[in-house]
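> I'd like to ask you about the structure that follows.
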Amino acid sequence: MSLQIASHEIRHVLVVEDNPGAREGYQYTLEDMDLEPVLEMGPLGSLDAYISTVAGRCEAAICDHHLKESGYAGFNGAKLVAEMNSRRQPAVLCTAWEEAVVDEIRLFRKDIPCLLKPGEFDPESFQRALEVCIDEFRGHFQPSRYPSRTLVRVEAVDQDNVYVVLPGWNPQEVIRLTRAAISPDVHLYIEAGARLHARVNIGAERQDELYFDQWEGK
Amino acid sequence: MTDARIRFSTEILRRLGEELNPSPDQSLLELVKNAYDADARRCRVKLMSTDAPGGAIRISDDGDGMELEAIQDGWLVIGRSGKSSRERTRLGRVPAGSKGLGRLAALRMGTAVTLSTRPRGASLAQYRLRIDWTAFDEARVVDDVVLPIKKVRRTLSSRHGTEILVKNLRSHLSRMDVKRLARAMILLADPFGDDPEGFEPVLLAPEFGDLEKLVRERYFEDADYHLIADLGGDGRAEARVVDWQGAELFRATHEDLAVKRKGETYLCPGASFHLWVFRLSKDNFEPRTATVEEVRTWLQSFGGVHIYYNGLRVAPYGNEGNDWLEMNLRRVQSPEERPGTNTSIGRVVIADDEGALRQKTDRSGFIEDEAFEELKAFAQDALEWMARRRLHMAEQRRALVREQVARRSSQSQKKVESAIATVPEKQRESVQLAFEGYKKSRDRESEQLRKEVQLYRTLSTAGITAATFAHESDGNPIKVISQSLNAIERRAKKELRERYAGLLQKPVDNISRAVESLAVLGRAVLRLLDHGKRRTGRVDLHRVIVTVIEMFEPFLAGRDVTLKQDLCEGAPYLRGNDAAIESILANLLNNSLAAFVAGGGSERRVRVRTEIEGQFWFLRVSDSGPGFQDISLEDIWLPGQTTRPGGTGLGLTIVRDAAKDLGGTVEAFTSSDLGGAEVLIRLPILGV
C-alpha cells in the first residue's frame, strides 16, 4: 500500500531516531498506515555523506531532533529534515520544544513546514504533516507559514542574543533570537532601536513557529 | 560503423556556473584565487558602474600569466578537478584547485568578457581572447562556438600578468555584495599572519578601505589569553596558552587534549590553531591604549575562527553567524571562562599537500567527511582543554579569596582586641562584652549564610539532576511509552472493536494521563531553565501566572485538584524576571499539592487570586488542604523546615527570597475560606 499526496507516491518512510524503542514506536504507526518503515540503525556519520544515501530508499521521512548526543549521527534532525525538504522530499521533525531546541530549529524552520511533538505523532497527524510539506513544495502555504515582508524592531542586544519585536505579529511580545538566526548581511545594523525588515511567517500562532528570511538592513 | 559524441547544450553553461555559485562575491573570489595560483603578489579588482546593470569589473594581477596551451587546456576547460594537479607553484603555493565552475559563473556575470595575458619568461607574447556569451545563446551546443585567441607582441615595459574584463553586467552588485566581496578578499590570504611576501588582493571600493584599515589594527596583543594548538602529521597534538605578554600559563600534551578519545590520534592533515580570547569589560581595558569598543568593533567584523587551507581562506568558516566549532553553544551551556565568536578571533591553518580535505563543489566549505570531523574534534578538544584549565584557575582564585577573607577577618579581630586593651580598665570590660556580643551575632550570621549557601548548592544539584532527568525522559522514555501506547490503542480497537471499551479503554486512558503528567513535570523543569526568563525586564504578571497555571493543569487534573483562577482586571507589570514570579507560584502550587496528601477535605481545591491596591499587586494562593500543621507560621519560611516526610523544606524559602528580591513581602495564614493554608505575596508594581 502507499499514500498518494498530489504527485508524491509515498511507500517507504525513513525513520531517523537514535532510541531503538522510539524507533519501533514510529514503526508501529507507519505499519498501521500500511507504509513501509525504513529503520536507520546508525551510526549515520556526517550529513553530507548521509544525505546522498537517502534518495532512492524512501519517499518521506520522520526524524527525531537530538541525534548527536548518543553518537547516532554527526548532525541533528532539524538540519536533515530541512535539507530533505529543500530537495523536495517530504520530511517531518518530531521533537519536544524546549528553548535550546527552538533556537537551533529556528535556523532551519523555513524548510521545516511541519513539526510534531512526540505525543502528537499518529497516522492522521503524520499524513497531515506530509500534506503540509508537499503543499509548500507546490507553493501553497498554510496561513501560519506564509512569509510576508515585515518590520523587525530591535529592542535590546546582548552578547549572544538579539531581542526583537514584530509589530506586524504581536507588538507586545519580545522575541529572543540568537545572532546566528539573523543573516550576517545585517549584523552591522543590529543595535537597540534599529529597524530592519525580513520575511517572516507572521500568521504563526506561537513564537517558536516563527522563521526569518531575506533580511534587509538600512 | 558511425562514431558519435556526447555534446553539451549551451544551456549547461548557465546552469553550471550560476547554480553552483549563487553569490557574485564567491564567484569573483574564484578569479582572485586564480591569480593566487598564478603566483601573483597583487591582484586588483576594480568595479566600474556596478551599482546598475551594464557595469563592468576588471580583475588584474601580476602573476605568471598564461601561455597559449595554458589558456586552451586550463583556463578554458571547465570541470576538471584541481586534485589532479597538487604540485606546488613556483612560489611554493598549493593551487586553490577550483574546478573552473566559479570562474565560469564570474565570467558569465556580463554578456562579454575579454582575457589579456602576458606570460612570464623571455617571450614578449601577449594573448587576447574575447568571449561573447550571446554567441553561445544562439548556438546549439557548446562546441559550436569557436573562440579565436590573438597573439600580439607586447611592449618591453609591460610586465607579466593577466587581466580579465567582464563587461555589460547582467545585474547590479548590491552594497551588501560589495561588502561581502571586500571582506572575503581581505580575509582571503590570512591578513593576521606575518608574511610580507604574501598575496595581497585589493578591491578598489570604499568599503574595502574601511575594512582593510580595521583588519590592520590587529588588537592581538590586547587578548587576555592566546591558545596555540599544533597538530602534527602523525595525528598527535599539543597546546599551550600564553598571556598577553607571551608568558606561558598552561601546557598540554596530546593525552591531555585527547582525553575524550582516550589518547587516540586525529586522522586528518596537520594543522595549527591559534585563538585570541578577550575579556571585553571596561575594567579590564582601563589600563590599555585600545578601548573596549574598538576591540568589540574589530571582533564583530573579523571575529570567529577562520580556516586557512594551503594559504587561502575557506569560507564560510569564521563568517558572521558561522560558529563551526560550536563555541557559542558551549558558552551558553557553561558560560564561565569560555570564549564565544564575539569575544575571540582565531585561525586554523592547514597544510594539506595530499588533498585529504575536500572542498564542496559549490565552494560552501569542506565536505564534512571523517577528515574534516577529525580536524574539528582537534580544535574543539583544544578549546575544551583551555576551558578546563581556566576553570581550574578560577576555582583556585576563589579558594584564595576565601582564604584571604578569613585571614583578614582574623587580623581585624586581633587589631580590635589590641585596641580594646588600650581602653582604660574601667570601661574595658563593657567594651569587651559589647565586642563579644557583636562577634557572636556575626558568627551566627556567617553560620546562617553558610547554611544558605549549602542550601542553594543542594538546590542547584537538585535542579541540574531534575533537568537531566527531564531532558532524558521527555526525549526517550516518555516518547517510547506514548508511541507504544498509541499503537496498542489503535491495534486493539481494530481487533477488539466494541469489546475494546470494556476491556482496555480505562487502563489505556490511565497510562495516557500518567504519561502526560510526567511530560508536564519534565517540561515544567525545562521551562524554568529558559534563558530569557532570567533576564531582567518588564514582567507582565498575569501572563506569567496564566502560563504557570497552564503548565500545571494536566498535573492538577491527575491529582483531581480543581484550580480556580481569579485574576483582577488590568495587566499589572513590574521590573524583574519571569523566573522569579514563576518560582513563587510554582512553589506555592507544589505546596498545596503536597498538602492534599497530608489530608484536608474530600474536595481538593486551589484558588489563585490577584488584586491591585495602589502601587501594590497581591497574589493570594489558598487551598482546601489541612493548612500549616505542627509548625509555627514564622518557621515555615526557614530553609529545611518541613513537616512532610521526604520534603525538602526549600519551597517557601525560595518564595520568600524571590519576593524579597522584587522588593515585596510574604505572609502566611493557617486557614483560609477554602479551609486550608493561604499565602499572600505583596509586590510593588510599576503600572497596570
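> If you check B:ALA252, B:ALA237, B:ALA229, B:ALA247, which single one turns out to be under 16 Å from B:HIS392 (Cα atoms) and either in the same structural domain as B:ALA382 (by TED's automatic domain parsing) or among the aromatic types (Phe, Trp, Tyr) (or both)? Let's see the steps before the verdict.
Values: B:ALA237 fails: under 16 Å from B:HIS392 (Cα atoms); B:ALA229 fails: under 16 Å from B:HIS392 (Cα atoms); B:ALA247 fails: under 16 Å from B:HIS392 (Cα atoms).
Testing whether each residue is under 16 Å from B:HIS392 (Cα atoms) and either in the same structural domain as B:ALA382 (by TED's automatic domain parsing) or among the aromatic types (Phe, Trp, Tyr) (or both) leaves just B:ALA252.
> Among the residues of the stretch B:500-542, what is the count of those that are facing another protein chain (nearest Cβ under 10 Å), modelled with pLDDT of 85 or more, more than 16 Å from A:PRO118 (Cα to Cα) and part of a helix (DSSP H, G or I)?
0
> Further question: Looking at the stretch A:67-179, what strands (runs of 3 or more DSSP E) fall wholly within it and have at least 1 residues that are outside the structural domain of A:VAL38 (by TED's automatic domain parsing)?
Values: elements: A:91-94, A:148-157, A:161-165, A:174-178.
Strands (runs of 3 or more DSSP E) meeting the threshold: A:148-157, A:161-165, A:174-178.
> Next up: When you scan the stretch B:258-347 for strands (runs of 3 or more DSSP E) that lie fully inside it, which ones turn up with 2 or more residues that are not aliphatic (A, V, I, L, M)?
Values: elements: B:271-277, B:304-309, B:312-314.
Strands (runs of 3 or more DSSP E) meeting the threshold: B:271-277, B:304-309.
> Working only within the stretch A:195-212, note down all residues that are outside any strand (DSSP E or B) and more than 14 Å from chain B (Cβ to nearest Cβ).
Start the filter on the stretch A:195-212 by keeping residues that are outside any strand (DSSP E or B), which leaves A:201-211.
Hits for the stretch A:195-212 are A:ASN201, A:ILE202, A:GLY203, A:ALA204, A:GLU205, A:GLU209, A:LEU210, A:TYR211.
> Going by the conditions given, is B:GLU320 within 11 Å of chain A (Cβ to nearest Cβ), under 22 Å from A:ALA181 (Cβ atoms) and touching a residue at least 40 places away in the same chain (Cβ under 8 Å)? Spell out the reasoning first.
Numbers: within 11 Å of chain A (Cβ to nearest Cβ): yes; under 22 Å from A:ALA181 (Cβ atoms): yes; touching a residue at least 40 places away in the same chain (Cβ under 8 Å): no.
No.
> Residue under question is B:GLY198, and the condition is that it be at pLDDT below 85 and part of a helix (DSSP H, G or I); does it hold?
no
> Now, a different point. Only one of A:ALA22, A:ALA49 is within 13 Å of another protein chain (Cβ to nearest Cβ), in contact (Cβ under 8 Å) with a residue 60 or more places away in the chain, over 15 Å from A:ILE134 (Cβ atoms) and under 21 Å from the mean Cα position of the chain (by Cα); which? Don't jump to the end; show me each part of the working.
Details: A:ALA49 fails: in contact (Cβ under 8 Å) with a residue 60 or more places away in the chain.
Only one candidate qualifies: A:ALA22.
> Scan the stretch B:309-332 and tell me whether some residue there is over 15 Å from the mean Cα position of the chain (by Cα) and closer than 23 Å to A:TYR189 by Cα.
Of the residues in the stretch B:309-332, the ones over 15 Å from the mean Cα position of the chain (by Cα) are B:309-316.
When the remaining residues are screened for being closer than 23 Å to A:TYR189 by Cα, the result is B:315-316.
Yes, that holds for at least one residue.
> I want to confirm something. Restricting to the stretch B:39-71 and keeping residues that are out of contact with any helix residue (DSSP H, G or I) (no Cβ under 8 Å at 6 or more places or on another chain) and part of a strand (DSSP E or B), which single residue is nearest to B:MET185 (Cα to Cα)?
Among them, the one singled out is B:ARG44.
> Looking only at the stretch B:603-622, how many residues end up being among the charged types (D, E, K, R) and within 22 Å of B:GLY664 (Cα to Cα)? Lay out the reasoning, then the answer.
Residues of the stretch B:603-622 among the charged types (D, E, K, R): B:603-605, B:607, B:609, B:611, B:613, B:620.
Pick out the ones that are also within 22 Å of B:GLY664 (Cα to Cα) and you get B:607, B:609, B:611, B:613, B:620.
Matching residues across the stretch B:603-622 total 5.
> Which condition breaks for B:GLU294 when tested against (1) closer than 26 Å to A:VAL186 by Cβ; (2) surrounded by 19 or more Cβ atoms within 10 Å (Cβ to Cβ); (3) out of contact with any Lys or Arg (no Cβ under 8 Å at 6 or more places or on another chain)?
It fails just one condition, (2).
> Give the number of residues within the stretch A:123-145 that are within 14 Å of chain B (Cβ to nearest Cβ) and surrounded by fewer than 19 Cβ atoms within 10 Å (Cβ to Cβ).
In the first step, residues of the stretch A:123-145 are kept if they are within 14 Å of chain B (Cβ to nearest Cβ); the result is A:123-127.
This time we only want the ones that are surrounded by fewer than 19 Cβ atoms within 10 Å (Cβ to Cβ), so: A:123-125, A:127.
Qualifying residue count for the region: 4.
> Go through the residues of the stretch A:168-178 one by one and say whether even a single one is under 30 Å from B:TYR573 (Cα atoms), hydrophobic (A, V, I, L, M, F, W, C) and away from chain B (no Cβ under 14 Å).
yes
> Being under 44 Å from the mean Cα position of the chain (by Cα) and of a type in the set (D, E, K, R) is the requirement here; does B:ARG457 meet it?
Working: under 44 Å from the mean Cα position of the chain (by Cα): yes; of a type in the set (D, E, K, R): yes.
Judged against the criteria, B:ARG457 is a match.
> Turning to a different aspect of this structure: Every residue in the stretch B:448-499 that is charged (D, E, K, R), within 13 Å of chain A (Cβ to nearest Cβ) and either buried (at least 18 other Cβ atoms within 10 Å of the Cβ) or over 23 Å from A:LEU116 (Cβ atoms) (or both), please.
Pass one, the stretch B:448-499, residues charged (D, E, K, R): B:450-452, B:457, B:472, B:474, B:479, B:489-491, B:493-495, B:497-499.
Cutting the leftovers down to within 13 Å of chain A (Cβ to nearest Cβ) gives us B:472, B:474, B:479, B:489-491, B:493-495.
Scanning the stretch B:448-499 gives B:ASP474, B:LYS479, B:GLU489, B:GLU495.
> What tally of residues in the stretch B:43-52 results from selecting those that are at pLDDT 90 or above and either at positive phi or not hydrophobic (A, V, I, L, M, F, W, C) (or both)?
2
> While we're here: Go through (1) crowded, with 16+ Cβ neighbours inside 10 Å; (2) within 13 Å of chain B (Cβ to nearest Cβ); (3) in contact with a Leu (Cβ under 8 Å, 6 or more places away or on another chain) and name the single condition A:TYR189 misses.
A:TYR189 satisfies every listed condition except (1).
The values are calculated or read from the model by the stated rules, or taken from the named source; none is laboratory data. Everything quoted here is computed from the prediction, not taken from an experiment. We place every Cβ from the backbone using ideal geometry, glycine too, and count neighbours over all the protein chains shown.
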